Amino acid sequence: MREAVTEQPLLKPMAKALATLERHAEQVVRRWMSGLTNARLEGMNGLFQDARSRARGYRNEANFIAMIYLIGSPVGRLLDQAKST
């Protein structure tokens, strides 16, 4: 594959991608075998961002943490539903 790619000037970006894949092959295979993703972290980050936008004007960290728990917990969903009705 490398020979076919390096001989074609238009395929130089492909050759660079192939070299990167070869350099990181062990990490790529390890990631696919583990099945882990950062989806949960991204979900938690969304909660934190939502809590930060709702917690504007609160004076201390404890209130911010309480807001995170309220948003992330089932109780928070019940409170949101009560507001909308």
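No lab work stands behind these numbers, since they all come straight from the coordinates. As the structure is a prediction and not an experimental result, all values here were calculated from the model.
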Exercise. Return the sequence-ordered ³J(HN,Hα) values of segment 11-24 in whole Hz as given by the Karplus equation 6.51 cos²θ - 1.76 cosθ + 1.60 applied to θ = phi - 60°, using x for Gly and Pro.
Key: 9, 4, x, 5, 5, 5, 5, 5, 5, 5, 5, 5, 5, 10
Quiz prompt | Residue-wise HN-Hα coupling along segment 43-52, computed from phi with Karplus coefficients 6.51, -1.76, 1.60 (Hz; x: Gly, Pro) | solution = x, 5, 4, x, 4, 5, 5, 5, 5, 5
